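Asker: Take a look at this one; I'll ask things after.
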Amino acid sequence: MSEIVTIQGLQKNFGKLQALRDVNFTVNAGEVVGFIGPNGSGKSTTIRILLGIIKRDAGQAKIFGKDVWKDSLEIHKRISYVPGDVTLWGSLTGGEIIDLFLKLHGGGDKKKRDYLIKRFELDPKKKAKGYSKGNRQKVGLIAALSADSDLYIFDEPTSGLDPLMEAIFQEEVEKLKNAGKSILLSSHILSEVERLADKVVIIRQGEIVETGTLDELRHLTRSTVTLATEGDVTEIAAIDGVFDFQQKDNEATFSVDNQYLNDILARASKLGVKKFESVPPTLEDLFMRHYEG
Amino acid sequence: MNEKFARWSTLFFLSLKRDWKKIVFWVLGLGLFSAGFVPAFEEITKGQGLAAMFETLQNPAMIAMVGPTPAQSASEYTLGAMYSHEMLLFCALCAMIISVLHVVGHTRKEEDLGLTELVRSFQIGRQANSLAAMMQVLFINIVLALFVSGVLMSFGADAITVEGSLLFGASVGIAGILGGAIALVLAQIMPASSGATGASLGIIGLLYIIRAGTDVSNVDLSMINPLGWTYLTYPFVENNWVPLIIALIFIIIMMILAFTLEGARDMGAGYLPEREGRSHAKRSLLSVRGLFTKINKGVIISWLIAFVIMGAAYGSIYGDMQTFLSSNEMMQQMFTHAGISIEESFTGTIMMVMIGLVSILPIVIVNKLFAEESRMHLGQIIATKVTRGQLYWTNIGLAIVAGVVGIVVSVIGLGGTAIASVGDKLTMGMADFFAAGFNFLPSVLFFTGLAALALGWAPKLGKLVYVYLTYSFLLNYFGNILDLPEWFSKTAIQSWIPPMPIEEFDAFIFITITVISIVLLIIGYLGYKRRDLLA
Ligand SMILES: Nc1ncnc2c1ncn2[C@@H]1O[C@H](COP(=O)(O)OP(=O)(O)OP(=O)(O)O)[C@@H](O)[C@H]1O
Ligand SMILES: [Mg+2]
């Protein structure tokens with residue numbers, strides 16, 4: 001698998017503030033990487049460095065194997081970017097701005113542009129001044145999605161979109177994914193990340209604290225299990241790795257570290273299992289763990 | 001007060017508290033500038049100074065710049081008369097401009113930024129904010145007026161009478177309030193805050209230029225000009241309070257108009273209609289140059305129109321010059337003695353002033369790139385194959401072209417009207433006017449270079465270029481009146497350039513300043529290429 005984005009030991013200071021201390025991750029070809037973390041943890045800063053908008057203080061950052069600062073031009077020919085707060089020139093219409101972005105990018109697919117304008121229900125004749133937050137966001141999205149790129153960088157792209165539009169965005173990203181494009185998606189909407197991402201990177205206070213596929217990450221955390229047995233379920237509580245044990249008659253609900261699941265099943269089968277339900281941790285659970293530190 | 005203005009006083013005190021530093025700076029700065037030059041003027045009055053100054057200021061170029069004096073003869077021209085003559089119009093203008101910026105900043109700008117939306121969600125009247133802003137301007141200008149009067153009196157000069165001092169202060173104060181009222185009206189009409197500021201300043205500039213013409217041709221006409229109601233009070237000479245009363249009535253009318261307009265419009269909207277736009281971009285927009293031209297178009301066109309009008313207003317004065325000379329023997333002798341015509345002398349002086357103003361346009365355009373950056377407009381552009389160099393040089397190129405066109409239209413305005421109003425008798429041709437104008441091109445490039453330097457290395461300092469421009473402008477402006485030491489006046493870039501046709505063209509200085517400017521542009525680029533952008 002070839003690496004599209006490679007970041008190693010990335011650091012950035014704003015005056016005294018260490019915005020990025022040590023950022024390492026990769027985005028491979030054809031991969032959708034979810035980039036999540038609390039407010040102010042350094043997601044946008046990392047993305048701005050990738051785009052050559054700001055200069056890193058230390059570390060390596062490469063896209064398509066090229067340095068993001070020195071060879072930004074070469075890189076930019078093959079990427080698209082949507083910021084979380086698309087700001088537009090009030091005196092231009094949405095349609096004009098999309099055309100401008102496409103042209104500056106180096107031409108895009110006109111048919112796809114028109115198709116996306118229809119899909120996102122954008123009025124391209126309206127001056128940008130009159131657009132709502134969500135509509136401004138659509139302008140950025142349409143421009144980025146109709147450009148033909150190899151890497152798409154989205155920084156909270158759906159902020160302000162209604163659920164219907166968000167679903168459309170997700171479908172469009174899935175199409176890109178199926179077409180083998182690489183995507184770096186920073187978002188606070190975890191269901192979005194859960195649905196789209198092959199790999200999740202969690203950043204906290206300028207450091208990457210977790211990287212892996214959703215499955216791998218899930219493995220690191222606890223599932224919620226509901227278990228009903230014929231014998232007395234109480235003894236399960238004593239097993240290592242069981243937490244928050246709550247019992248009602250012979251039915252118990254508890255959370256369990258995934259690596260102990262086997263022990264629990266072994267013990268439960270001796271008691272005679274009547275019901276076993278295991279709910280894997282949501283990204284939200286995972287995330288909370290890291291957010292709360 | 002009624003529902004609409006409910007709790008305006010809360011907002012009033014809140015913003016006084018928030019702005020107090022700015023207000024102190026405003027009152028002290030403008031107050032001391034307005035009143036503090038009495039000792040310097042006393043220096044000038046020594047010996048034959050007053051009489052000489054009286055004659056100098058009879059020159060139409062001077063009247064066009066500072067206004068007329070009611071003094072009939074040198075003996076009536078006291079220290080007080082000279083002080084109000086040379087200072088009042090200018091101070092009144094400054095007071096107006098600051099008030100405009102304050103009012104728009106506290107009304108329309110807050111609305112554009114979405115602050116008003118938040119404020120209105122509290123128990124605060126819909127128009128309370130505008131009233132509070134206007135009351136603030138009223139309050140600040142009254143304090144300013146009293147301060148100016150007090151400082152004037154404090155020098156204890158004989159000719160600076162108590163009544164004159166009070167009138168001088170009041171004239172400056174009323175000018176400020178007038179500016180605030182004009183701004184409040186335009187804040188309702190224009191679709192955004194930048195438009196409101198631009199239109200208000202534009203109107204004030206227009207009034208200034210119109211009065212330049214009427215002051216020379218017929219002062220009575222200047223009394224129909226709102227700006228005339230401030231400086232035609234003639235403190236220390238006629239002490240005429242009537243214009244201030246007219247101004248007050250005008251202010252009240254403007255405020256009623258503003259509040260009516262505001263009451264009838266939606267928040268965030270203006271009265272100038274929004275048209276439906278295109279669904280596809282025109283080909284001409286689809287490049288960095290196209291985009292920059294489009295977003296600067298309004299500013300460029302407005303300034304160019306202002307330059308033509310300014311040139312035409314000054315140009316119309318040429319027609320009156322000979323009549324003026326024939327009635328003033330002393331001036332006649334002065335010009336014959338100096339071996340140049342009154343028209344040539346006027347052209348040299350006025351060109352320096354006009355091209356100084358033309359320099360504003362390139363600075364505005366260069367600073368616009370940083371304004372775009374701070375509004376986060378560049379992120380998505382930088383992420384395309386557009387380079388920083390493209391952004392920078394396209395912007396600089398546009399600024400320089402606009403500056404050159406600015407010179408062209410000012411020259412055409414001035415020369416065209418001059419030739420039209422004088423006819424064959426004018427010894428100067430269009431080519432002479434062009435030479436006089438383009439003689440100052442290096443100064444325009446120099447200001448562009450300074451702005452570019454700031455853009456590349458310390459974009460927040462871009463506004464300081466305006467400060468330096470104002471400073472040089474004031475030096476040139478007052479350099480004619482005050483006897484400044486050589487080194488001091490040379491701190492203004494224009495002073496290095498000998499004004500044509502009064503003096504000979506100096507190729508060495510022309511080339512040197514041009515080369516320095518180009519170097520500044522390049523240094524600016526080196527900074528722009530490597531600094532962090534906001535996006
Ligand atoms: N230009 C700047 N100057 C100074 N500090 C900055 C600048 N840009 C970002 N920061 C700081 O760097 C830190 C990281 O910010 P960043 O915008 O990368 O966070 P984020 O992860 O994108 O947060 P959010 O989820 O809120 O978008 C924050 O503390 C922020 O205040
Ligand atoms: Mg962010």
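Asker: Calculate, axis by axis, the spread of Cα positions in region A:218-291 along the three principal axes, and write the results as whole Å, longest axis first.
Answerer: Rounded to whole Å, the extents work out to 39, 21, 18 Å.
Asker: Note down the net charge around B:S84, summing +1 for each Lys or Arg and -1 for each Asp or Glu among other residues with Cβ under 14 Å from its Cβ.
Answerer: Combined, the nearby Lys, Arg, Asp and Glu give -4.
Asker: Per residue of region B:51-57, in order, report the coupling 6.51 cos²θ - 1.76 cosθ + 1.60 (Karplus, θ = phi - 60°) as ³J(HN,Hα) in whole Hz, putting x for Gly and Pro.
Answerer: 4, 4, 5, 4, 5, 4, 7
Asker: In addition: What trypsin sites (Lys or Arg not before Pro) in region B:18-54 are in a loop by DSSP, with at most 10 other Cβ atoms within 10 Å of the Cβ?
Answerer: For trypsin sites (Lys or Arg not before Pro) across region B:18-54 that sit outside H, G, I, E and B with at most 10 neighbouring Cβ atoms in 10 Å, the list reads B:K46.
Asker: Looking only at other chains, what is the average number of their beta-carbon atoms within 10 angstrom of each beta-carbon in B:384-391?
Answerer: What the average comes to for B:384-391 is 5.
Asker: Right, here's the next one. Quick check: at a probe of 1.4 Å, how many percent of the accessible area of chain A sits on carbon and sulfur atoms? Write down the numbers at each step before the final one.
Answerer: Numbers: 5840 of 12620 Å².
Exposed carbon and sulfur together represent 46 percent of the surface.
Asker: Using the Cα centre of the protein assembly as shown as origin and beta-carbon charges of +1 (Lys, Arg) and -1 (Asp, Glu), tell me which of B:S374, B:I400, B:H280 is placed farthest towards the positive end of the dipole.
Answerer: Checked the options; the winner is B:H280.
Asker: Calculate for chain A the 222 nm mean residue ellipticity that helices alone would give, adding -39,500 (n - 2.57) per DSSP H run of length 4 or more and normalising by residue count, nearest 500 deg cm²/dmol.
Answerer: After summing the helix terms and dividing by the residues of chain A, the value is -9500 deg cm²/dmol.
Asker: Let me ask something else. Provide a list, ordered by number, of residues in region B:288-312 showing at least 40 Å² less accessible area with every protein chain present than when their chain is taken on its own, using a 1.4 Å probe.
Answerer: The answer is B:L291, B:K294.
Asker: Sticking with this one: So for region B:1-267, averaging the separation of alpha carbon pairs under 8 Å that are six or more residues apart and normalising by length, what relative contact order in percent results?
Answerer: Once divided by the residue count of region B:1-267, the mean separation gives 26 percent.
Asker: Can you give the relative contact order of region B:284-535 as a percent, counting alpha carbon pairs under 8 Å and 6+ residues apart?
Answerer: On the way: 320 pairs, mean separation 73.9, N = 252.
Relative contact order of region B:284-535: 29 percent.
Asker: Right, here's the next one. Using Cα pairs under 8 angstrom and six or more residues apart, how large is the relative contact order of chain B, in percent?
Answerer: Rounded, it is 14 percent for chain B.
Asker: Grab the other residues whose beta carbon is less than 15 angstrom from that of B:L398, score K and R as +1, D and E as -1, and report the net.
Answerer: Values: positive: B:R289, B:K294, B:K297, B:K368; negative: B:E372.
In short, +3.
Asker: Same structure, new question: Count neighbours as other Cβ atoms within 10 Å of each site's Cβ, and list the GluC sites (Glu not before Pro) in region A:64-127 that are DSSP loop with at most 14 such neighbours.
Answerer: Answer in residue order: A:E121.
Asker: Still on this structure, please answer the following. How large is the Kirkwood hydrodynamic radius of region A:3-213, in angstrom, based on all distinct alpha carbon pairs?
Answerer: Result for region A:3-213 stands at 17.3 Å.
Asker: Within 10 Å of each Cβ of A:91-99, how many other protein chain Cβ atoms are there on average?
Answerer: On the way: counts 8, 7, 6, 2, 5, 10, 4, 3, 8.
That average works out to 6.
Asker: Place a label point 7 angstrom from the Cα of A:D148 along the Cα-to-Cβ direction, then list the residues of region A:94-114 whose backbone nitrogen is under 20 Å away.
Answerer: Under 20 Å, as judged by backbone N against the label point of A:D148, lie A:98-114 of region A:94-114.
Asker: Do any GluC sites (Glu not before Pro) in region A:178-287 lie in a DSSP loop with no more than 12 other beta carbon atoms within 10 Å, and if so, which?
Answerer: A:E230
Asker: Follow-up question, since we're still on this one. With labels modelled as points extended 7 Å from the Cα through the Cβ direction, what inter-label distance (nm, one decimal) is found for B:K490 paired with B:L115?
Answerer: Spacing of the two 7 Å Cα→Cβ label points: 4.5 nm.
Asker: How much area per residue is accessible in the protein assembly as shown when the probe is 1.4 Å and only protein heavy atoms are counted (Å²)?
Answerer: Heavy-atom SASA per residue in the protein assembly as shown reads 42 Å².
Asker: Could you report the accessible area of B:M53 in Å², rounded to 10, computed with a 1.4 Å probe on the protein chains as they sit in the structure?
Answerer: Probe radius 1.4 Å; accessible area of B:M53 about 20 Å².
Asker: Please list, in order along region A:187-197, the HN-Hα scalar couplings obtained from phi with the Karplus expression 6.51 cos²θ - 1.76 cosθ + 1.60 (θ = phi - 60°), rounded to whole Hz, x for Gly and Pro.
Answerer: Karplus-based 3J(HN,Hα) across region A:187-197 equals 7, 9, 8, 5, 5, 4, 5, 4, 6, 9, 7 Hz.
Asker: Kindly state, to the nearest 0.05, the FRET efficiency for B:K460 paired with B:E504, given R0 = 30 Å and r defined as their beta-carbon distance.
Answerer: Given R0 = 30 Å and the Cβ-Cβ separation, E is 0.15.
Asker: For labels at B:I142 and B:K297 in the simple 7 Å Cα→Cβ model, what's the distance in nm?
Answerer: Distance between label points: 4.7 nm.
Asker: Using a basic spin-label model with each label point 7 Å from the Cα along Cα→Cβ, how many nm lie between B:F434 and A:Q170?
Answerer: Those two pseudo-labels are separated by 6.8 nm.
Asker: Continuing with this model, one more query. Do me a favour and compute the ellipsoid semi-axes for the protein assembly as shown from its Cα gyration tensor, root of five times each eigenvalue, largest one first, whole Å.
Answerer: 66, 31, 23
Asker: Next question. Sum up the charges of everything whose Cβ sits under 12 Å from the Cβ of A:S187, counting Lys and Arg as +1 and Asp and Glu as -1, but leave A:S187 out.
Answerer: In short, -3.
Asker: Further question on the same structure: Quick one: of the DSSP bridges fully inside the protein assembly as shown, what percent are antiparallel, nearest 5?
Answerer: 70
Asker: Expressed as a whole percentage, what fraction of the accessible surface of region B:190-292 belongs to carbon and sulfur atoms when a 1.4 Å probe is rolled over the protein heavy atoms?
Answerer: 65
The values are calculated or read from the model by the stated rules, or taken from the named source; none is laboratory data. All figures in this text were calculated on a predicted structure; none of them were measured in a lab. As a convention, Cβ positions derive from the backbone with ideal geometry for all residues, glycine included, and neighbour counts pool all protein chains shown. Calculation scope for accessible area: heavy atoms of the full protein, side chains included, ligands and nucleic acids excluded. Shrake-Rupley method; radii C 1.70, N 1.55, O 1.52, S 1.80 Å.
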